[in-house]
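The values are calculated or read from the model by the stated rules, or taken from the named source; none is laboratory data. All values reported here derive from a predicted model rather than from experimental measurement. Counting neighbours? That spans all protein chains shown, and the Cβs are built from the backbone with ideal geometry, glycine included. The accessibility values were calculated without ligands, DNA or RNA, using every heavy atom of the protein model including side chains. Shrake-Rupley method; radii C 1.70, N 1.55, O 1.52, S 1.80 Å.
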Amino acid sequence: MRPSALHGDAATRRSDLLLDTCTGLALLAVCGAVQASSLGGSAGLTTDYVWRGTSQTQGDPAVQAGASIASDSGLYASAWGSNVEFPGSGASTEFDVAVGWSGAIAGDWAMDVNVLHYRYPSTEVDLDWTELNGRLTYAGRYWAAFGWSPEALGAEGDGLYSQAGVRWPVGETLALELAAGRYALYDAYDDSYWHGQASAIWTFKVPFELRVTAHATDSSAERLFGESAAGNRIEAALQASF
């Protein structure tokens, strides 16, 4: 869910530049994956598509699927889709494409950097936008993630998202996660908000995973996105990865 916004000429030029960069990186990823590559994918069903603390489906279920290709060098390209519901926009589908690099950088440290483009076909307003993302992970359990865009949520303004989290394995099939994030949208919407989440993840039979997550946002998120999208909620998601 996002506030209503229309792109201007300046934002469109920035978007075109990022899309050109995305295309170039995609070509590099494909070239690097020709000789040595691995394919992957996922399919899932969730009771509520929650993204950065806010519902993208107005609390309704979502069906999601994705695919990726990665080279031995760490370069990868991926595509992912879900149904969405943004009142007043006509949006019913989200389609994301990303290109990037991931891998170990030193000892227990790993990094993932990518360019991610969000596309919403057949909408009454232009909601498409592009974001630069980075994620630093330690020992596979602790992480810090950042996302920056000059057209945050499809608006004519910058936005910076940051998140920190931790994962605790509990036995061989169960894990717990805690994470907190802040989305600074002062340039785009003259506001910002905080959110937190706590998850229990059960890998009951490979490749199936059941994730139950409690989400909470502050009052600023409700002011930005409305009570139907922000606030407190529980999400349950079943996913298969291959």
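Scan the stretch 165-186 residue by residue and report those that are out of contact with any strand residue (DSSP E or B) (no Cβ under 9 Å at 6 or more places or on another chain) and hydroxyl-bearing (S, T, Y).
Once the filter is applied, which keeps residues that are out of contact with any strand residue (DSSP E or B) (no Cβ under 9 Å at 6 or more places or on another chain) and hydroxyl-bearing (S, T, Y), the stretch 165-186 yields nothing.
Scanning the stretch 164-178 for residues that are in a strand (DSSP E or B) and of a type in the set (D, E, K, R), which turns out most open to solvent (accessible area, probe 1.4 Å)? Walk me through it before giving the result.
Here is the first cut: in the stretch 164-178, the residues in a strand (DSSP E or B) are 164-170, 174-178.
Subset that is of a type in the set (D, E, K, R): 167, 177.
Numbers: R167: 68, E177: 28 Å².
Looking at residues that are in a strand (DSSP E or B) and of a type in the set (D, E, K, R), I get R167.
For the stretch 73-84, name all the residues that are free of Cβ contacts under 8 Å to residues at least 40 places away in the same chain and either over 20 Å from W148 (Cα atoms) or in contact with a His (Cβ under 8 Å, 6 or more places away or on another chain) (or both).
G74, G81, S82, N83, V84
Could you list, in sequence order, the residues of the stretch 143-163 that are surrounded by fewer than 15 Cβ atoms within 10 Å (Cβ to Cβ) and either aliphatic (A, V, I, L, M) or in a loop (DSSP other than H, G, I, E, B) (or both)?
Listed by number, the list holds a single entry, A144.
When you scan the stretch 226-239, do you find a residue that is basic (K, R), modelled with pLDDT of 95 or more and out of contact with any Gly (no Cβ under 6 Å at 6 or more places or on another chain), even just one? It would help to see each step written out before you state the result.
At the first step, the residues of the stretch 226-239 found to be basic (K, R) are 233.
Going one step further and asking which of them are modelled with pLDDT of 95 or more, we end up with 233.
Okay, now just the ones that are also out of contact with any Gly (no Cβ under 6 Å at 6 or more places or on another chain), so 233.
Looking through the stretch 226-239, at least one residue is basic (K, R), modelled with pLDDT of 95 or more and out of contact with any Gly (no Cβ under 6 Å at 6 or more places or on another chain).
Suppose we keep only residues that are among the hydrophobic types (A, V, I, L, M, F, W, C) and closer than 16 Å to I69 by Cβ within the stretch 96-115. Which one would you say is surrounded by the most Cβ atoms within 10 Å (Cβ to Cβ)?
A98
Going through the stretch 179-233 one residue at a time, which ones are part of a loop (DSSP other than H, G, I, E, B), of a type in the set (A, V, I, L, M) and surrounded by 17 or more Cβ atoms within 10 Å (Cβ to Cβ)?
The answer is A229, A230.
Test R182 against the criterion of being of a type in the set (K, R) and either more than 22 Å from Q197 (Cα to Cα) or in contact with a Leu (Cβ under 8 Å, 6 or more places away or on another chain) (or both), and give yes or no.
It is false that R182 is of a type in the set (K, R) and either more than 22 Å from Q197 (Cα to Cα) or in contact with a Leu (Cβ under 8 Å, 6 or more places away or on another chain) (or both).
Got a sec? Which of R233, R167 is touching a His at 6+ places or on another chain (Cβ under 8 Å) and among the basic types (K, R)?
R233
Does L178 fit the bill of being among the aliphatic types (A, V, I, L, M) and in contact with a helix residue (DSSP H, G or I) (Cβ under 6 Å, 6 or more places away or on another chain)?
no
What pairs come out if I take residues in the stretch 110-123 that are farther than 17 Å from R135 by Cβ and in contact (Cβ under 8 Å) with a residue 24 or more places away in the chain and pair them with residues that are aromatic (F, W, Y) and open to solvent by 40 Å² or more (accessible area, probe 1.4 Å) whose C-beta lies under 7 Å away, six or more apart or interchain?
R119/F95; P121/F95
Have a look at Y138, Y118 and point out the one that is more than 15 Å from the chain's Cα centre (by Cα) and either modelled with pLDDT of 95 or more or not polar (S, T, N, Q) (or both).
Y138
I want to confirm something. Restricting to the stretch 122-142 and keeping residues that are in a loop (DSSP other than H, G, I, E, B) and touching a Gly at 6+ places or on another chain (Cβ under 6 Å), which single residue is most open to solvent (accessible area, probe 1.4 Å)?
By that ranking, first place goes to E124.
Taking the stretch 54-87 as the region of interest, how many residues are β-branched (V, I, T) and either crowded, with 20+ Cβ neighbours inside 10 Å or outside any strand (DSSP E or B) (or both)?
Result for the stretch 54-87: 3.
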